[in-house]
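Shown next, in structure tokens, is the structure this report addresses.
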Amino acid sequence: MEIRYIPDGTMTEEQQKHVDIINEMCLSGDPDDPEEDNEFDESTYEYSAPEDGMFLLFDGEKAVGRAAVHKVLTEYDGQEYFLGGFGGLAVLPEYQGKGYARKLAEAALAKADEIGIDVACMEAETESGIINFYQKLGFVLLKRPAYFINHGNNEVTDNNVMIMGLRNKELANKILTTNHKFHYGKSLGHW
């Protein structure tokens, strides 16, 4: 098993086919839940900065896991900073339970730090056990709504956001402990 970083715009067609399979199997929601939107919106994970890319977990030449790295310039309470981290963490079912998701997450966080992300941010379903996984990595649940702009250009709230200080732990703490509006920035979508 090998983890490789694929910078934005360099993914091969074969790699993209593997990512599409991972997305369909792992990121499409519960097909038996009529309330859930089962369409995986890949544009949610669009790249927003030149440093962005995706870590792929390979079994030979077959990609079996993924974690996209994101970076966006935004502001909090008048202070500009780089927000980012990783999104779309997924490992095919037959490879789960072996620590590969953790390795992908750790690689993505190391890359986020390397490319200058001040505060890591992620969306995690708080009803699932996955929140414990992210807390072990160092993320803390934001105890108020976060906001993002959806593809209809409407502001939407998100109550499942976790924050982690990378290069600016003081700002991350301020985001977690003050009530100023936390917004993902001007890019569409969230991670």
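The values are calculated or read from the model by the stated rules, or taken from the named source; none is laboratory data. Predicted model, so just to flag it, every value in this text is computed and none were measured. Note that we place each Cβ from the backbone using ideal geometry, even for glycine, and neighbour counts take in every protein chain shown.
Some observations on this one:
- Checking Ile175 against (1) in a strand (DSSP E or B); (2) at pLDDT 85 or above; (3) buried (at least 18 other Cβ atoms within 10 Å of the Cβ), the condition it does not meet: (1)
- Subset of segment 142-159 (residues that are part of a strand (DSSP E or B) and buried (at least 16 other Cβ atoms within 10 Å of the Cβ)): Ala146, Phe148, Ile149
- Cross-chain or 6+ apart pairs with Cβ under 7 Å, segment 99-114 first and part of a helix (DSSP H, G or I), then hydroxyl-bearing (Ser, Thr, Tyr): Lys111/Tyr5
- Test: Tyr134 is surrounded by 12 or more Cβ atoms within 10 Å (Cβ to Cβ), assigned to a strand (DSSP E or B) and at pLDDT 85 or above: no
- Contact map, segment 12-24: first residue farther than 13 Å from Gly53 by Cα and touching a residue at least 60 places away in the same chain (Cβ under 8 Å), second residue of a type outside the set (Phe, Trp, Tyr) and in a helix (DSSP H, G or I), Cβ cut-off under 8 Å, separation 6 or more or different chains; pairs are Asn23/Glu42.
- Among the residues of segment 85-98, the ones that are free of Cβ contacts under 8 Å to residues at least 60 places away in the same chain and either in contact with a Cys (Cβ under 9 Å, 6 or more places away or on another chain) or not in a helix (DSSP H, G or I) (or both) come to 4 in all.
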